[in-house]
Amino acid sequence: MKKVLIDCDPGIDDSLALALAAGSSDSLDIVGVTTVGGNVDLELTTANALALREFLQLGDVPVTPGSAGALLHRTVRATAVHGSTGLGDVVLPQPGRGPSEGHAVDFIVRTLEAAPGEITLVAVGPLTNIALAVRREPRIVEWARDLVIMGGSYTRGNHNPAAEFNMLADPEAAAIVFEAGWTVKMLGLDVTLTASVTSGVLERMRPLGRLSGLLVPAAQFYGVVTDESGPAIHDACAVAYVLDPGLFTCVPAVVNVETAGQHTRGMTVTDFKISDRDANALVATSLDVPAFWDLVIGSYEKLATRLG
Ligand code: RIB
Ligand code: CA
């Protein structure tokens, strides 16, 4: 059983990533969910995480809010992509329980300290909470079993030509995380954009009872679904990596995050030619897409039998 702590900014693809984790309960133990301002404001990402906890029947998994905005500079949001609520036009039942007391950074530090070497940090939003946790307690770099992020790219951006959203939303935080001393498992746009919900995938989501009431409208809001293309469920790739890293081809690299460029702020400058330097990242370069969808849909099917 792999233990994961998921830091997220739900967010449409965050919700599909949480659903993947929820459906994989036979191999994943979610020890906590922490939230960060990102796609939408912290109040909304936290409200969405609380609603998802109950809708996905995650039981008593603690949900702890963290940082509302970036370490420096102005806040970037993606409401044009995720809608004003952060979950497109999906309306989940109001949650009956609120968030845990305290701050996500303290939750991350004490949870990793209590189980050194056991818990994989999965970060699928801006890296503000992770960076603050590293600053608060640098030893989390040793205590974390792994750090897997959805973020960055070595070929292109999405929020602008240079930068992927999670990196652009807090470049200083991303720089701190990549320089902290661990080997970041970077699931960037280069692979996540191939994890797209085509019409064939959408048809596999339809017969999943209550769960399809989240999956189908969320995917359809997230982008145009055709036979050949569709919205990419970026964040689910990070969870899939924890479940089966063999789905991905990964290459060691030195990744530096641009924080000063007028047009390149948030760019993950990725150098694969590192014979004389130690890698600070393992960068995913390809994904076995059919096997990915078999894993994801299989997990959703298991979850659907629980949700009804
Ligand atoms: O660029 C994709 C990432 O930005 C995903 O994590 C999505 O949720 C948004 O936060
Ligand atoms: Ca996200």
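Please treat every number below as a calculation from the coordinates, not as lab data. The shown structure was predicted, so the numbers you read here are calculated from the model rather than taken from an experiment. Note that each Cβ is placed from the backbone with ideal geometry, even for glycine, and that neighbours are counted across all protein chains shown.
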Using square roots of five times the C-alpha gyration tensor eigenvalues, list the equivalent-ellipsoid semi-axes of the range 17-56 in whole Å, biggest first. 21, 10, 8
FRET efficiency, 1/(1 + (r/R0)^6) with R0 35 Å, evaluated for Glu101 and Ser286 via beta carbons: 0.25
Whole-Hz Karplus couplings 3J(HN,Hα) for the range 206-217, θ = phi - 60° and coefficients 6.51, -1.76, 1.60, Gly and Pro as x, run 5, x, 10, x, 4, 4, 5, x, 9, 4, 5, x
Exposure proxy check on Val283, Val289: fewest-to-most Cβ neighbours within 10 Å is Val289, Val283
Quick one: which residues, 5+ away or cross-chain, put their amide H under 5 Å from the amide H of Asn158? H built at 1.01 Å from N. Ala163, Glu164, Phe165
For a quick check, take a GNM of the chain with Cα springs below 10 Å and name the residue from Asp106, Asp89, Asp227 with the largest mean-square fluctuation. Asp227
As an exercise, identify the GluC sites (Glu not before Pro) in the range 65-146 lying in DSSP coil whose Cβ has no more than 16 other Cβ atoms within 10 Å. Glu101, Glu118
May I ask you to list the GluC sites (Glu not before Pro) in the range 219-308 that are in a DSSP loop and have at most 12 other Cβ atoms within 10 Å of their Cβ? Glu228
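Restricting to the chain, what percent of DSSP beta bridges are antiparallel, rounded to 5?
Numbers: 11 of 36 bridges.
That works out to approximately 30 percent antiparallel.
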Residues with amide H under 5 Å from that of Ala232, placed H, sequence gap 5 or more: Val197
Distance (nanometres) between label positions extended 7 Å along Cα→Cβ at Arg74 and Asp271: 3.2 nm
Fewest Cβ neighbours within 10 Å first, please rank His82, His263, His73 accordingly. His263, His73, His82
Have a look at Gly181, Gly69, Gly37 and tell me which one the Gaussian network model of the chain (Cα, springs below 10 Å) gives the largest fluctuation. Gly181
What is the set of long-range amide H partners of Asp29 at a cut-off below 5 Å, with H atoms built 1.01 Å from backbone N? Lys2, Lys3, Val4
What is the dipole size for the chain, taken about its Cα centre, with +1 at each Lys and Arg Cβ and -1 at each Asp and Glu Cβ, in debye to the nearest 20? 220 debye
Any idea what Rg and Dmax come out to for the chain if you just take the C-alpha atoms, in Å? 17.6, 55
Can you list the lysines whose alpha carbon sits under 21 Å from that of Lys302, skipping same-chain ones fewer than 8 residues off? Lys2, Lys3
A correct Karplus calculation of ³J(HN,Hα) over the range 22-29, with 6.51 cos²θ - 1.76 cosθ + 1.60, θ = phi - 60°, whole Hz and x for Gly and Pro, returns 5, x, 9, 5, 6, 10, 10, 10
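Filter the trypsin sites (Lys or Arg not before Pro) in the range 226-308 to those in DSSP coil with at most 14 other Cβ atoms within 10 Å of their Cβ, and list the result. Before the final figure, lay out each step's value.
Details: sites: Arg265, Lys273, Arg277, Lys302, Arg306; in loops: Arg265, Lys273, Arg277.
Answer by residue number: Lys273, Arg277.
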